[in-house]
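J.: This is the structure I want to talk about, given as structure tokens.
The values are calculated or read from the model by the stated rules, or taken from the named source; none is laboratory data. Since this is a predicted model, take the numbers as computed values, not measurements. FYI the Cβ positions are ideal-geometry reconstructions off the backbone, even for glycines, and counts take in every protein chain you see. Only protein heavy atoms, including side chains, enter the accessible area calculation; ligands, DNA and RNA are left aside. Shrake-Rupley method; radii C 1.70, N 1.55, O 1.52, S 1.80 Å.
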Amino acid sequence: MSTFKPSRRRFLGAAAASASSLALAGCSQFDFLGQRDNAVRDTLEQANSLTYRVQRMLLGEDWLAREFSESEIRQGQRPNGSTNPRTEEYAALRDSNFADYRLEVGGLVDNPSSFSLDELRNMPARTQITRHDCVEGWSCIAKWTGVPLRLILDQVGVRPEARYVVFRCYDDIERSMSGLVFYYESCDLVDARHPQTILAYGLNDQALPVQNGAPLRVRIERQLGYKMAKFIRSIELVSSFSDIGRGNGGYWEDRGYEWYAGI
Ligand SMILES: Nc1nc2c(c(=O)[nH]1)N[C@H]1C(S)=C(S)[C@@H](COP(=O)(O)O)O[C@H]1N2
Ligand SMILES: [Mo]
């Protein structure tokens, strides 16, 4: 298995190189991207990332991230970024062990809804042992348990205009002159409906600890660590994220990171 990733990377590297030279040569291979009404096109304009095209086209929408065995879990999930949100609202939830927590789901959906932790825990669950890769250069293998995001989306009914899922978080990662800046992230509906995309409330057979995003964080296993929003307050279905934050689809994306962080 360990040879799979490097060879896939080489493959993607070669594919990316040839894709860009084809694009420069005006080859018709990527012509569908030029169609005005092509649904993929606008996404690509926003993502502006060759990785996105190459992964979606060559690997398809359904490939699974590698899963590991119990024996490959070597230590706890290393906490990174915000590890204990400072707002009073979060402190109150934490102090009551999240009994009053409700995940709000709204935006371009037929039935805006909210879910308590018990309701989420009573939905069909998925457990997966995966590797978390942070851009800072560390990785951790951990076991995540949660409800597939797809089941939530089906329950609220995603409207046809919806293109992205936005995750809004409780942590004020930045306090600036102009106010608090809250962490947020987003993904497209392909990643949102992927079988390994879960709203996790469990880590290594325990309740998700505060430092790793209690009470709920998303796992989008084919992407880098910063996509995996912790401390999720609400989920919003949108057609564009141009008027959220600075318009790039995430806290780190607003500061220069790629929106499509495929690995
Ligand atoms: N709400 C929120 N989510 C977040 C972050 C954060 O600071 N706030 N950091 C991100 C980054 S960069 C990483 S690597 C992972 C870290 O998750 P962990 O603390 O469970 O290891 O969370 C991601 N999700
Ligand atoms: Mo990260």
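J.: Among residues belonging to region 73-88 that are open to solvent by 90 Å² or more (accessible area, probe 1.4 Å) and in contact (Cβ under 8 Å) with a residue 24 or more places away in the chain, point out the one that is farthest from Q206 (Cα to Cα).
T.: Among residues in region 73-88 that are open to solvent by 90 Å² or more (accessible area, probe 1.4 Å) and in contact (Cβ under 8 Å) with a residue 24 or more places away in the chain, the one farthest from Q206 (Cα to Cα) is R86.
J.: Name the residue, out of L93, L117, L108, that is more than 16 Å from ligand 2 (Cβ to nearest atom), closer than 14 Å to L208 by Cβ and within 20 Å of the chain's Cα centre (by Cα).
T.: L117 is the lone residue from the list that is more than 16 Å from ligand 2 (Cβ to nearest atom), closer than 14 Å to L208 by Cβ and within 20 Å of the chain's Cα centre (by Cα).
J.: Taking only region 218-227 into account, find how many residues are surrounded by 23 or more Cβ atoms within 10 Å (Cβ to Cβ) and within 9 Å of ligand 1 (Cβ to nearest atom).
T.: Going through region 218-227 one residue at a time, the tally reaches 2.
J.: Let me ask something else about it. Of these, R168, R175, R233, R246, which one is assigned to a loop (DSSP other than H, G, I, E, B) and either more than 10 Å from ligand 1 (Cβ to nearest atom) or within 19 Å of E89 (Cα to Cα) (or both)?
T.: Answer to the check: R246.
J.: Could you list, in sequence order, all residues of region 149-161 that are open to solvent by 10 Å² or more (accessible area, probe 1.4 Å) and either under 18 Å from the mean Cα position of the chain (by Cα) or within 13 Å of ligand 1 (Cβ to nearest atom) (or both)?
T.: Result: R150, L151, D154, V158.
J.: Among the residues of region 189-197, is any open to solvent by less than 10 Å² (accessible area, probe 1.4 Å), in contact (Cβ under 8 Å) with a residue 12 or more places away in the chain and under 17 Å from D110 (Cβ atoms)?
T.: For region 189-197, residues open to solvent by less than 10 Å² (accessible area, probe 1.4 Å), in contact (Cβ under 8 Å) with a residue 12 or more places away in the chain and under 17 Å from D110 (Cβ atoms): present.
J.: Out of (1) more than 16 Å from ligand 1 (Cβ to nearest atom); (2) of a type in the set (V, I, T); (3) loosely packed, with under 15 Cβ neighbours inside 10 Å, the odd one out for V54 is which?
T.: For V54, the exception is condition (3).
J.: Also: Identify all residues within region 178-196 that are in a strand (DSSP E or B) and of a type in the set (S, T, Y); write none if there are none.
T.: Y183, Y184, S186
J.: N111: at pLDDT 95 or above, away from ligand 1 (no atom under 15 Å from the Cβ) and in a loop (DSSP other than H, G, I, E, B), yes or no?
T.: yes
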